[in-house]
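Note sheet for the following structure.
The values are calculated or read from the model by the stated rules, or taken from the named source; none is laboratory data. Treat the numbers as computed from the prediction; the structure is a model and nothing was measured. Here the Cβ is made from the backbone with ideal geometry for all residues, glycine too, and neighbour counts use every protein chain on show. Please note that ligands, DNA and RNA were not included when accessible areas were found on the heavy atoms of the full protein model with its side chains. Shrake-Rupley method; radii C 1.70, N 1.55, O 1.52, S 1.80 Å.
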Amino acid sequence: MVTGGATGIGRAIALKLADKGASVMIADINEEAAEKTAAEVRDISGNSATFVTDVTNVAACEGLAQATIENLGSADFLVNNAGVAGSAGWQSRSHSTEEDWKQTYQVNVIGMSNVTSVFKPQMTKRRSGRIVNLASIAGREGRPSLAHYSASKAAVISLTQSTALELARFNITVNAICPGLLWTPMWEQVGDRYAHDNPAFKGMNPREVFDSMIAERIPMQKEQTPEDIADTVAFFVSDDAKNITGQALNVDGGFFMR
Amino acid sequence: MDFEGKTAVVTGGARGIGRGIALELAQRGSNVVIADMDGDAARDVVAEIKAGGTQSYFCETDVTQQWSTDDMVEVAIEEFGQLDVLVNNAGVGGAPGFTTRKVPTVEDWQATFDVNVFGIVNATQSVESYMVERGYGKIVNIASIAGRGGRPGFATYGASKAAAINVSQAWAYKLAPHGVNVNTVCPGLIWTPLWESIGEWRSSTDQQSSGLTPRQIFQRTVAESVPLGREQTVEDVGKAVAFLASDRARSITGQALNVDGGIRQN
Ligand SMILES: NC(=O)c1ccc[n+]([C@@H]2O[C@H](COP(=O)([O-])OP(=O)(O)OC[C@H]3O[C@@H](n4cnc5c(N)ncnc54)[C@H](O)[C@@H]3O)[C@@H](O)[C@H]2O)c1
Ligand SMILES: NC(=O)c1ccc[n+]([C@@H]2O[C@H](COP(=O)([O-])OP(=O)(O)OC[C@H]3O[C@@H](n4cnc5c(N)ncnc54)[C@H](O)[C@@H]3O)[C@@H](O)[C@H]2O)c1
């Protein structure tokens, strides 16, 4: 089960897990894109379903958990990937508003907790399960802008650690991935925002901001890709990682080492 | 298979975790050079790998000596034509006889840093120019969760493992523009000859542990500290190393991954 599985990183995760043989439930607010990704999954592994879900809505999450069981059976793996970087218009502001704080926490943190809660019973009952949460390197250290986003991703790491301890006795592992810099629709908007509120990027277009961040901050001198993240998700949910829990792994070309 | 046609060197590959790593890489198609001081045990691992269908070779190596790791790298390239993966796994808990000493001596500090830190530095220095020239290489260092934060008792070991994590980051930065990834695995609690000696050390120096066998001390430690409630295995570490040494982890460098059942969060 992949939240935000319709586009970007979530889509790559859905396709990778399909490639390894999994049936995939795709939960997203974007129904059209979700259906498209589900069709791609069906071409690979044969089995997929979608459920229109806003992760901030508890009733919708309950419906999702039920629909997953009915369509594909109880979930072995849960990937909490849905995320936002602010409330509408965040990319053209030069400061964080209360709405930005509320929206990022609603989706990135509380939404993650909502989805985890409704899938917990399926996993605890079978005494096995894997949960992978998408955090960000933004959650590893402070940044001069988008404080609300960084703080929400630090909260994701913390939530991952608490959930790992809570569910360890049920043989459920919970880990986080911190992606570095990926050229998705989300980063295009981040580039807009940085050109706005950081003098170092004044006058640049989003791609120029992105490229100069890569040049300055990524030791490998390369952007990361959704496939990079998907490969790491596939590792965490595999048997190979059965004794790894409570960890956050940076997939970031060396941006932030720990 | 991730390592079809590739060559890996595993230091300390003759037994324990190193043997687990060597067998895992071999199972995934790699030829493996076992670089260790213990020839008898190493030859058994070589035979085991060959029986599984890939090539293996024993190279007598003392990682505390630069000339010896130079030789190790040369032999690997000579024997198999290329070297893709270096796993720095050799490690010790102290100088010979450390299990009977309550307080580590200067020799214990020295031996621990010689193997656990300089062993990594030496082998990395021996291989880096080759990997940079090729524009490809994977280095995985074995540290420990003991390196994630200081604890009383085994300060020598913990400090050396913290240094190992730091040294890995330094080389990760240095080699990142050249297509070489350097990462670290921090194992938790794994029943190997090394842990047996740690158990002996506790049983002879710690009152709460006296009268218990090393295995009993190990099991008590697992029960008290592992959230997942079970010991980790050499296979677990082998699999994490195999992931980090594979192209699936192409964008991961400078990271340390705890394989510890949740003992320490990162
Ligand atoms: N792109 C990057 O560089 C980057 C870096 C670090 C972390 N991340 C994180 O990775 C994850 C995916 O990012 P992306 O770049 O693919 O973003 P994206 O915007 O391309 O995709 C996010 C998906 O989540 C869905 N979504 C948004 N709100 C939702 C909600 N309330 N309920 C259900 N679905 C919802 C969207 O419809 C979309 O399909 C996010 O958590 C993001 O914070 C991205
Ligand atoms: N066992 C655990 O629970 C545990 C936990 C965390 C980290 N580790 C680390 O994992 C690694 C392997 O540990 P293990 O438990 O398998 O230990 P082990 O003692 O069973 O095996 C270590 C191997 O390294 C070899 N070696 C020692 N000094 C050497 C040198 N100078 N040159 C070449 N080879 C040398 C030994 O001959 C032996 O084959 C070590 O770095 C150790 O610190 C172990």
Legend entry - Residue under evaluation A:F210, criteria (1) more than 7 Å from chain B (Cβ to nearest Cβ); (2) open to solvent by 10 Å² or more (accessible area, probe 1.4 Å), criterion not met: (2)
Legend entry - Of all residues making up the range B:118-144, the number that are closer than 20 Å to B:V234 by Cβ and surrounded by fewer than 23 Cβ atoms within 10 Å (Cβ to Cβ): 0
Inset, instruction - Looking for whichever is open to solvent by less than 40 Å² (accessible area, probe 1.4 Å) and more than 8 Å from chain B (Cβ to nearest Cβ) here; the options are A:A230, A:A248, A:A241, A:A215. Which one fits? - result: A:A230
Legend entry - Test: B:S168 is assigned by TED's automatic domain parsing to the domain that holds B:G20, at pLDDT 95 or above and assigned to a helix (DSSP H, G or I): yes
Inset, instruction - From the list B:G91, B:G52, B:G29, pick out the single residue that is of a type outside the set (A, V, I, L, M, F, W, C) and more than 20 Å from B:K6 (Cβ to Cβ). - result: B:G91
Inset, instruction - Give me the pairs, please: first residue somewhere in the range B:185-207 and open to solvent by 60 Å² or more (accessible area, probe 1.4 Å), second residue anywhere and at pLDDT below 95 and away from ligand 1 (no atom under 16 Å from the Cβ), beta-carbon distance under 7 Å, and either six or more positions apart or on two chains. - result: B:E200/B:T99; B:R202/B:S209; B:S204/B:T99; B:S204/B:T100
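Here's the yes/no breakdown for (1) under 30 Å from B:R202 (Cα atoms); (2) touching a helix residue (DSSP H, G or I) at 6+ places or on another chain (Cβ under 6 Å); (3) assigned by TED's automatic domain parsing to the domain that holds B:F113; (4) open to solvent by less than 40 Å² (accessible area, probe 1.4 Å):
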site	(1), (2), (3), (4)
B:E24	no, yes, yes, yes
B:A41	yes, no, yes, yes
B:T54	no, yes, yes, yes
B:G81	no, no, yes, no
B:N89	yes, yes, yes, yes
Legend entry - Scope the range A:17-39; condition more than 23 Å from A:I69 (Cβ to Cβ) and either basic (K, R) or within 16 Å of ligand 2 (Cβ to nearest atom) (or both); matching residues: A:K36
Inset, instruction - Would you be able to tell me the number of residues in the range B:240-260 that are touching a Gly at 6+ places or on another chain (Cβ under 6 Å) and over 17 Å from A:V233 (Cβ atoms)? - result: 3
Inset, instruction - Tell me, yes or no, whether the range A:97-112 has at least one residue that is over 30 Å from A:K242 (Cβ atoms) and part of a loop (DSSP other than H, G, I, E, B). - result: yes
Legend entry - Qualifying residues in the range B:178-195 (those that are under 12 Å from the mean Cα position of the chain (by Cα) and within 14 Å of B:S246 (Cβ to Cβ)) - the one nearest to ligand 2 (Cβ to nearest atom): B:V185
Legend entry - Selection status of A:K102, among the basic types (K, R), away from ligand 2 (no atom under 16 Å from the Cβ) and either surrounded by 17 or more Cβ atoms within 10 Å (Cβ to Cβ) or within 26 Å of A:V190 (Cα to Cα) (or both): yes
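Take B:Q219 and decide whether it is surrounded by 24 or more Cβ atoms within 10 Å (Cβ to Cβ) and at pLDDT 95 or above. Walk me through it before giving the result.
Details: surrounded by 24 or more Cβ atoms within 10 Å (Cβ to Cβ): no; at pLDDT 95 or above: yes.
Here the answer is no, as B:Q219 does not meet what is asked.
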Legend entry - Failed condition for B:D247, given (1) open to solvent by 50 Å² or more (accessible area, probe 1.4 Å); (2) at positive phi: (2)
Legend entry - Options B:G229, B:G261; residue that is buried (at least 19 other Cβ atoms within 10 Å of the Cβ), facing chain A (nearest Cβ under 8 Å) and assigned to a loop (DSSP other than H, G, I, E, B): B:G261
Legend entry - Failed criterion for B:V167 (all others in (1) crowded, with 20+ Cβ neighbours inside 10 Å; (2) touching a Phe, Trp or Tyr at 6+ places or on another chain (Cβ under 7 Å); (3) more than 8 Å from chain A (Cβ to nearest Cβ) hold): (2)
Inset, instruction - Restrict the check to the range B:187-209 and report whether at least one residue is modelled with pLDDT under 95 and either within 27 Å of B:L83 (Cβ to Cβ) or among the aromatic types (F, W, Y) (or both). - result: yes
Legend entry - Residue count for the range A:120-132, restricted to those that are in a helix (DSSP H, G or I) and within 10 Å of A:I172 (Cβ to Cβ): 4
Legend entry - Filter result (in a helix (DSSP H, G or I), open to solvent by 40 Å² or more (accessible area, probe 1.4 Å) and more than 14 Å from every other protein chain (Cβ to nearest Cβ)) within the range A:133-172: A:A147
Inset, instruction - Determine which single condition A:N108 fails, assuming it passes every other condition in (1) open to solvent by 20 Å² or more (accessible area, probe 1.4 Å); (2) under 27 Å from A:G63 (Cα atoms); (3) within 9 Å of ligand 1 (Cβ to nearest atom). - result: (1)
Legend entry - Lone unmet requirement of (1) more than 10 Å from every other protein chain (Cβ to nearest Cβ); (2) within 16 Å of ligand 2 (Cβ to nearest atom); (3) not aromatic (F, W, Y) for B:Q207: (2)
